[in-house]
Amino acid sequence: MDDNATKLAEAVDQLALQMVMIEPDDLMALGSLLRDFESIEKISLESDFGPIVAVSGALKKLVEKAILNELKDVQKGFDLLGRGIELLQKYLSEPNESQSPADRDSFWKEMESLEGIGKPAGFEAAPATESSSRETFNLTEDGQVYTDFISEAMEHLEAIELSIISLEQSPHDKEHINTVFRAFHTIKGVSGFLNLQKINKFSHAVETLLDEARNDRLAITNETIDFILEAVDLLKNMISDLKGPGRPDPSRFDIESHLAKIKRLLEGISLDEPIAGKQPLEGIVSTKVAVSGEDLSTTPKQAVDALREQRRGDSTGSGATVKVDTQKLDNLIDMVGELVIAQSLVQQNPVFSTINDQKLSRDISQLKRITTELQKTSMSLRMIPVRQTFQKMVRVVRDLCSKSGKKAELVLSGEETEIDRGMVDALYDPLVHMMRNAVDHGIEAPAKRIERGKAETGRVDLRAYQKGGHIVIEIEDDGQGLDRARILHKAREKGLVSNDNGLGEHQIDNLIFEPGFSTAEKVTDVSGRGVGMDVVKQAFEKLKGKVEIFSTEGAGCRFVMLVPLTLAIVDGIQVRVGEEQYIIPAVFIKETLRPAQEDIVKIHNKEEVVRVRNSLLPIVRLHNLFRVVPQKKNPWEALIVVAECNGQQKGLMIDDLIGKQEVVIKNLGETLESVKGLSGATILGDGRVGLILDVHGVFEIATAA
Amino acid sequence: MPDANMKILVVDDFQTMRRIVKGVLKELGFTNIVEADNGVSALEVLKEEKVDFIVSDWNMPEMTGIELLKTVRASEAWKDLPFLMVTAEGKSEQVLEAVKNRVNNYVIKPFTPATLEEKIRKIFDGK
């Protein structure tokens, strides 16, 4: 006790010395004062020096006010501080003598009056004065800042959707709350600078809500999660609105009703004691760390959370990245394509083969190696992981479940698989549709699942991986599978099949891809809007990919989707018709054959068909379609390429098969864009132009003719 | 005002925010600016380059501004490095925490070029 008294006396003397030197705006010195007062308060608390605790506590508050610039009268405040320290010195030097009460009383009285006036303005008051007194910012004229803000804010918002959903699963995971909080916090901060008041106000309100949750003063309930998701959507809309010309007035967004909701949620706080004391951010982080070391009664949940956090830490390692305008990127890739062609033109130049120079041929091979490598690298620039697209599905499944009252968990794998950037957007809608399909038609209602001896919560797997020259995306659910009897019934009813005896299981399953097919008995809000799986199939065919379905009745359904690695290159079969060369994308080709003369039949004297095993396929004479003179007039002299598209098969008649080739797709340009039957062109190894067949279009023309 | 050529490290996880801070600093004539997106990467920059002044946000993933401040102050090499903390409005407990940990000054978002200038002046004129 004596020891403490000496320590205190020394500390207070030190303080008195500091006070002489201090400037009201010297923050570092104020910080040191604050630390001193805190330690004095602590020691005196330990030693039970009642009056010192009170005075030093009050002085500490005074210093805090000084730091925060909240002193009403700086001079008076510092006078008081000096007098307080004197008071402390007196207490310590003459502990047994009573203070002159006048000194003490006047100190407390003034303290009281000052503190009374200077009561902290709270969380809301400060911004108004701060922003109104703001000078103009040149920054707001910097359009780039807006553009950056939009894209970055959207990224953050999308990223937090996933955290929110994880939060739903582990509502006490501080890191999830923090991530979500941070996004709103940052958007609030930047929008304040950019004078986007409505966004600022709204994100601030949501942030306040999350802050309460972060400090354990508000429980994370389903209601809260729903609201936060709504808030994300609203903010997304408000921010993407900024993209419009002339920064549109955001008044069309009704934030008031949302603000009212926040108020309601905040008022919903139970009036009991908070679950835990107010914890500042760094406190949370350190307690988390402390848990593993000190607290031996670590619960499994804490362990899991900690592990999850570790994993997240690994995955968020920020690689250095550069943002590039996609147009620039496409130009680069285009030019590299040209370079590859130019290189091969040089190499295949007949003059070149007459030159016998070792150094030249070595150099040319070196050039070829480099251009090939360059092409590979530039192609990879177009590739981005499917992660974002996949993660959006988590939200989709969640929303579907909450609407339909079903329970399902989406398990992602292979999110790091890369796909062509141009494919990302094209994939989104079909994937959403398939997710709806899985949850709405596949996964059974919880009660039914239990009845069937399955887990109450259904499982939907979303996988991506690379296989050969394709990216495979699989969606698998453990629901009820396809009801083939009902599919057949429906197909007959709609006149999609006339004679169904010969249909195999696989063929029946594939009926769901027929246009206008939909078996959902109840038309729900989300699926069964008359848009069927045929749209999905078309979407994949457009991407030069395909969808397959594997179903086991009662046990679930698996959709396998194949898309090419890139949209810039197509894996094709090079064929010749007359003098022209065409590329037929390999995914559409079933087989190539030379028919016997007796397999060719003319129906009604006009439509030619070829018999391939048990079926008759219409023949499409490509030379007629493209008006070129063929070498071979008769199908039995020529070759037939059996192509499949939209569930139909046709035989494309060609003169000759040249080989399999990967070709770089070039646009036909605006003027030829609408030409049916051709999807692009490529420059072949010999410098000639080869047209790429659009099988879809070819089938349409052939059917119409 | 301090040397216009001093190297300033701007730490914020939001790129737009860094751009804004940089913009304001440039308006004040400071052009020698390096960036980091959280405390961890800020420490990496500090190890690599000789930084004269840190402007750091509080709220960042992986390593927050206050953790960065504590680490910097605890290190022999950087313990006197001028440090300006950027905090959000209404977070007085953050300000106090930062001041207790020897921050040179703080500035509240959103701030004006004039405010930032004043704070920088206060930090460097006192030296």
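The values are calculated or read from the model by the stated rules, or taken from the named source; none is laboratory data. Note that the coordinates shown come from a computational prediction; the quantities given were computed from them, not determined experimentally. Counting neighbours? That spans all protein chains shown, and the Cβs are built from the backbone with ideal geometry, glycine included.
Some points to look at:
- Residue match in the range B:98-105 (condition: facing chain A (nearest Cβ under 7 Å) and either in a helix (DSSP H, G or I) or among the acidic types (Asp, Glu) (or both)): yes
- Lone unmet requirement of (1) under 15 Å from B:Leu96 (Cα atoms); (2) in contact with a Lys or Arg (Cβ under 7 Å, 6 or more places away or on another chain) for A:Ser32: (2)
- When the residues of the range A:186-203 are filtered to those that are in a helix (DSSP H, G or I) and surrounded by fewer than 24 Cβ atoms within 10 Å (Cβ to Cβ), the one that is farthest from the other protein chains (Cβ to nearest Cβ) is A:Lys198.
Quick grid of which residues meet (1) touching a helix residue (DSSP H, G or I) at 6+ places or on another chain (Cβ under 6 Å); (2) modelled with pLDDT under 75; (3) part of a helix (DSSP H, G or I):
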{"site": "A:Ile228", "(1), (2), (3)": "yes, no, yes"}
{"site": "A:Ile239", "(1), (2), (3)": "yes, no, yes"}
{"site": "A:Pro248", "(1), (2), (3)": "yes, yes, no"}
{"site": "A:Ser251", "(1), (2), (3)": "no, yes, yes"}
{"site": "A:Glu273", "(1), (2), (3)": "no, yes, no"}
{"site": "A:Glu282", "(1), (2), (3)": "yes, yes, yes"}
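- Applying the criterion of at least 3 residues that are surrounded by fewer than 18 Cβ atoms within 10 Å (Cβ to Cβ) and among the aromatic types (Phe, Trp, Tyr) to the strands (runs of 3 or more DSSP E) found wholly in the range A:335-449 leaves an empty list.
- Selection count, the range A:682-694, where residues are in a strand (DSSP E or B) and at pLDDT below 85: 1
Conditions (1) in the same structural domain as A:Ile600 (by TED's automatic domain parsing); (2) within 15 Å of A:His696 (Cβ to Cβ); (3) in a strand (DSSP E or B), marked per residue:
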position: A:Pro635; (1), (2), (3): yes, no, no
position: A:Glu662; (1), (2), (3): yes, no, yes
position: A:Lys676; (1), (2), (3): yes, yes, no
position: A:Gly680; (1), (2), (3): yes, yes, yes
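- Selection over the range A:167-185 of residues that are away from chain B (no Cβ under 14 Å), in contact (Cβ under 8 Å) with a residue 12 or more places away in the chain and in a helix (DSSP H, G or I) gives a count of 2.
- Residue within the range A:125-132 that is at pLDDT below 75, within 13 Å of chain B (Cβ to nearest Cβ) and in contact with a His (Cβ under 9 Å, 6 or more places away or on another chain) present: yes
- Among the residues of the range A:664-674, the ones that are farther than 15 Å from A:Tyr582 by Cβ and outside any helix (DSSP H, G or I) come to 5 in all.
- Residues (more than 12 Å from A:Val63 (Cα to Cα), within 12 Å of chain B (Cβ to nearest Cβ) and surrounded by 17 or more Cβ atoms within 10 Å (Cβ to Cβ)) located in the range A:29-45: none
Table: residues versus (1) buried (at least 18 other Cβ atoms within 10 Å of the Cβ); (2) touching a helix residue (DSSP H, G or I) at 6+ places or on another chain (Cβ under 8 Å); (3) basic (Lys, Arg).
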site: A:Val675; (1), (2), (3): no, no, no
site: A:Gly685; (1), (2), (3): no, yes, no
site: A:Val689; (1), (2), (3): no, no, no
site: A:Asp694; (1), (2), (3): yes, no, no
site: A:Val698; (1), (2), (3): yes, yes, no
site: A:Ala704; (1), (2), (3): no, no, no
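- Residue satisfying all of: in the range A:492-510; at pLDDT below 80 and in contact with a Leu (Cβ under 8 Å, 6 or more places away or on another chain); farthest from A:Val536 (Cα to Cα) among these: A:Asp500
- Where A:Ile370 falls short, out of the listed (1) farther than 30 Å from A:Lys328 by Cα; (2) modelled with pLDDT of 90 or more; (3) not basic (Lys, Arg): (1)
- Within this structure, A:Ala643 fails the test of being small (Gly, Ala, Ser) and within 30 Å of A:Gly479 (Cβ to Cβ).
- Taken over the range A:459-478, the criterion of being of a type outside the set (A, V, I, L, M) and in contact with a Gly (Cβ under 7 Å, 6 or more places away or on another chain) is satisfied by A:Arg463, A:Tyr465, A:Glu476, A:Asp477, A:Asp478.
- All conditions in (1) within 23 Å of the chain's Cα centre (by Cα); (2) outside any strand (DSSP E or B); (3) of a type outside the set (A, V, I, L, M, F, W, C) hold for A:Gln480, with the sole exception of (1).
- When we screen A:Val12, A:Val53, A:Val63 for residues that are of a type in the set (Val, Ile, Thr), outside any loop (DSSP other than H, G, I, E, B), within 14 Å of chain B (Cβ to nearest Cβ) and within 24 Å of A:Ser106 (Cβ to Cβ), the only hit is A:Val63.
- Identity of the residue in the range B:106-127, of a type in the set (Val, Ile, Thr), more than 8 Å from every other protein chain (Cβ to nearest Cβ) and surrounded by 18 or more Cβ atoms within 10 Å (Cβ to Cβ), that ends up nearest to A:Lys60 (Cα to Cα): B:Val107
- Flag if A:Leu33 is at pLDDT 80 or above and in a helix (DSSP H, G or I): yes
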